[in-house]
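Enquirer: Below is one structure. I have some questions about it.
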Amino acid sequence: MRFITSILVLLGAATTTRSQVLPSTEARDFWFGFLETVPSSGNLLVDVGSSVTTNATLSIPASGLSWSFVVNAGSPTTYFLSYAQAMPTGSEVTMPMGLHVVADDPVSVTVLNTLTVPGYSADATAIMPTEALGTDYRVLSYRGVTAAGYMSALSIVPTSDSTEVEITPSVPTLGGRPANVPFTVMLNAGDLYPVKAATGTDDLTGTKIRVVAGGGACKPIAVFAGAVCANVPVGCMACDHLVEQMWPSRLWGSTYHMVPFTGTTAYTYRILAVEDSTAITVNNNAPFHLNAGEWRDSVNVASAICVSGDRPFLAAQFMQGFQCVGAGDPSLIHLTPADRKVQRIEFRPWSIGTIGNHQVNIIVDSANIGDLTLDGVPIAAGDFSPFSACPGSVHTSRPISVANHVIACSGGFTAYAFGFGQANSYAYAMNTSGVFGEAGEEVICADAGATITLHAPLGIQDPYWVDTASPDDTLAIGPTIIVPATGPVTYAVLTGDSGSCGSYQYQIALNPPATITDSLGVLTGPSGHSYQWYLSGSPIPGATARTYVPVVNGTYHLEVTSSSGCTSVSADHLVLSVAVAAQLPAGLGIHAEGQHVRIDDPTFGVEEVQLYSSIGQLLEVRGMVRGQGTIHVPVKETGVHVLRLLYHGNWIALRQLVME
């Protein structure tokens, strides 16, 4: 897919930077799986939604199962899978339970694991598109419950065959692997590889997972983490399932916002480092330091907070057990970095078991409050609350019904969905895209002379830059490159690290000229492009040719689009020369007769006749036949038409006719 960015250049030059605000969270390809939950009867729900009607397929490739279906715009399709089909059990045994969704158009995918009887122990996660996956992960999970035999857990789902994965567990595993000793496993697309901690007191947080270079470092994997069932915090009833899809380590951020779960009294959060000597600051207090794989918890937090670090880290937020907070039960959210915003999210809450309270937490820059809407309705400024340590950001919590909802803001936002009831809950992050496009190409439109700063997408690690016309010559190394807008050229940024994959291309294209030439009442734009003419700011239906003949006086402008998709708009052009009733030369007659117009010209002065529709579209051109004083112009449609006559070398005023 190509994305087009326009750069407006004033005073001859400008610089643009690449925003991390994504159009939406939708994509066409997803790989995922589930974690083990409490053994009982239950359902694994897969929700596939889209803003357009499209075709999609859900499959379990290793089991040979596949379902094709239509996703109607604004109405997600839900598939119910049985535990036997897709819920893993045990540890360190390859299972045929990896799931795959593909669609003709962008869709979003959300999954939920829930017991059907008695309707407790649920959690959900939004699924990241395949292009957002990575090859290097640090796990953030939680400890289980020893007495019940419920363990900390993770699952790995490869996207390609012959993917060799190295796992370094932070604690002993149920399969007998010792802590901090790496082991490898070879997986194929459609496999699911579960790992559980050896005991309920062990926590897999900090476990390192990476794709081995010899096994295909450009074969991304999906990783899910949580617990079969957990008390959060430890000792606080009741136990509930935890699951969230992991961000690849390369997509971790340096700032996160946390907002309380309305209807409960407190929450827990966890901070996990991916690099040594990471300094973490909470609400501008004195920093604390973590090394790679280390984490710190804070429990019974009641207010909104901001957390920042001098290096990338991961933050998670937990709903706590109802015994401690009065409602709900444990759920897990891996928070979205503060700079990872989207412009639009379409979603639907889950209707399950005892959960009857559904809400969404939304975080937005304070400057964009007036632009944020929920289901097309602006949220009142008074409904937002500030972060005490992040003055540029605000948050709001909105109750929602079990129906389809749309959140939109052109400046971008971050959102988290959650729901709770008696001893049950779900929660998940909704900003799940990790890169800037489904495929690796973007068109940058600029005026000649602009200076453009290109930024490597988040999916490119250790980037270097080339001109695709000379791919062997490195132009720059690093996350950015500054280039001039001198003409059509394509720059590529590629990964220079074996632990990550991919490339991305930027096509630099010049904005087309947008000038109007007015010659004898005919408006003409520049050649070689696509066109749309406007009158008084509104597009004229069907007026898409290079030339246009105004049929009414007014202010016109032209929108010009190049073959690269770059668009320019002309200055306004005022037309005052259109006559309401043209005075014809003596002896010249114009008559509407059925399916044609007859022009009588006894002086043989008419050299050419042009017939236009009421919107200025040229329909017919006729010339005088030598020796004949009559011209017949066929008219194929009823309605208002306009004649333009070339008479003795001069174009005379327009003449309006009504054909019935």
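Enquirer: Indicate, rounded to the nearest 5 percent, the antiparallel portion of the DSSP beta bridges found entirely in the chain. All intermediate terms of the calculation are to be shown ahead of the outcome.
Expert: Values: 196 of 211 bridges.
Here the antiparallel bridges make up roughly 95 percent for the chain.
Enquirer: Something else now. Residue farthest toward the positive end of the dipole of the range 150-268, with Cβ of Lys/Arg at +1 and Asp/Glu at -1: which of VAL228, ALA153, PRO172?
Expert: PRO172
Enquirer: Per-residue ellipticity at 222 nm for the chain, helices alone: DSSP H runs ≥ 4 residues times -39500 (n - 2.57), over residue total, nearest 500 deg cm²/dmol? Intermediate results must be reported in sequence, preceding the final value.
Expert: Numbers: 2 runs with 8 residues, N = 660.
When only DSSP H runs of four or more count, the value is 0 deg cm²/dmol.
Enquirer: Right, another one. For a quick protection proxy, order the peptides 389-397, 477-485 by their average other-Cβ count within 10 Å, most packed first.
Expert: Working: 389-397: 18.2, 477-485: 15.7.
Answer by packing, highest mean first, reads 389-397, 477-485.
Enquirer: Would the range 194-267 count as rounded, prolate or oblate if I go by the C-alpha gyration tensor, calling it rounded below 1.5 in a/c and otherwise prolate when a/b exceeds b/c, oblate otherwise? Intermediate results must be reported in sequence, preceding the final value.
Expert: Values: a/c = 2.99, a/b = 1.53, b/c = 1.95.
Because a/c hits 1.5 or more and a/b fails to exceed b/c, the range 194-267 counts as oblate.
Enquirer: So how do 585-594, 265-274, 634-643 stack up, highest first, on mean other-Cβ count within 10 Å?
Expert: Values: 585-594: 12.0, 265-274: 21.5, 634-643: 14.7.
Peptide ranking by packing, descending: 265-274, 634-643, 585-594.
Enquirer: Need one word for the range 130-271: rounded, prolate or oblate. Basis is the Cα gyration tensor (sqrt eigenvalues a ≥ b ≥ c); a/c below 1.5 gives rounded, then a/b vs b/c decides.
Expert: oblate
Enquirer: Something else now. In nm, to one decimal, how far is the THR603 label point from the THR184 one, both placed 7 Å along Cα→Cβ?
Expert: Placing both labels 7 Å beyond Cα along the Cβ direction yields 9.5 nm.
Enquirer: Once you sort the root eigenvalues of the Cα gyration tensor of the chain as a ≥ b ≥ c, which label holds: rounded (a/c under 1.5), prolate (a/b larger than b/c) or oblate (the other case)?
Expert: Details: a/c = 2.56, a/b = 2.29, b/c = 1.12.
Prolate, since a/c reaches 1.5 and a/b exceeds b/c.
Enquirer: With a 1.4 Å probe and every protein chain kept in, tell me what percent of the accessible surface of the chain is carbon plus sulfur.
Expert: Values: 13140 of 25170 Å².
Answer for the chain: carbon and sulfur cover 52 percent of the accessible area.
Enquirer: Largest first, how would SER170, SER519 line up by accessible area (1.4 Å probe)? Can you show the working numbers first?
Expert: Values: SER170 30, SER519 65 Å².
Greatest to least solvent exposure: SER519, SER170.
Enquirer: As I understand it, the dipole of the range 251-379 uses +1 on the Cβ of Lys and Arg and -1 on the Cβ of Asp and Glu, about the Cα centre. Which of PRO312, GLN343, VAL274 lies farthest toward its positive end?
Expert: Selected residue: GLN343.
Enquirer: Modelled label-to-label distance, LEU584 and SER63, 7 Å Cα→beta-carbon offset: nm?
Expert: Modelled inter-label distance: 8.1 nm.
Enquirer: Could you work out how much longer the chain between PHE288 and THR265 gets when fully extended? Use 0.36 nm per residue separation minus the Cα distance between them, nm to one decimal. Walk me through the numbers before you get to the answer.
Expert: Details: separation 23, 0.36 × 23 = 8.28 nm, distance 2.60 nm.
Stretched out fully, the PHE288 to THR265 stretch lengthens by 5.7 nm.
Enquirer: I've got another one for you. Once ligands and nucleic acids are excluded and a 1.4 Å probe is used, how much of VAL364 is accessible, expressed in Å² to the nearest 10?
Expert: The value for VAL364 is about 0 Å².
Enquirer: Can you order the peptides 221-232, 370-381 by their average number of other Cβ atoms within 10 Å per residue, highest first?
Expert: 221-232, 370-381
The values are calculated or read from the model by the stated rules, or taken from the named source; none is laboratory data. All of these numbers come straight from a predicted model, not from anything done at the bench. Using ideal geometry, Cβ is built from the backbone for each residue, glycine included, and neighbour counts are taken over all protein chains shown. Side chains are part of the model used for accessible areas, which takes the heavy atoms of the whole protein and leaves out ligands, DNA and RNA. Shrake-Rupley method; radii C 1.70, N 1.55, O 1.52, S 1.80 Å.
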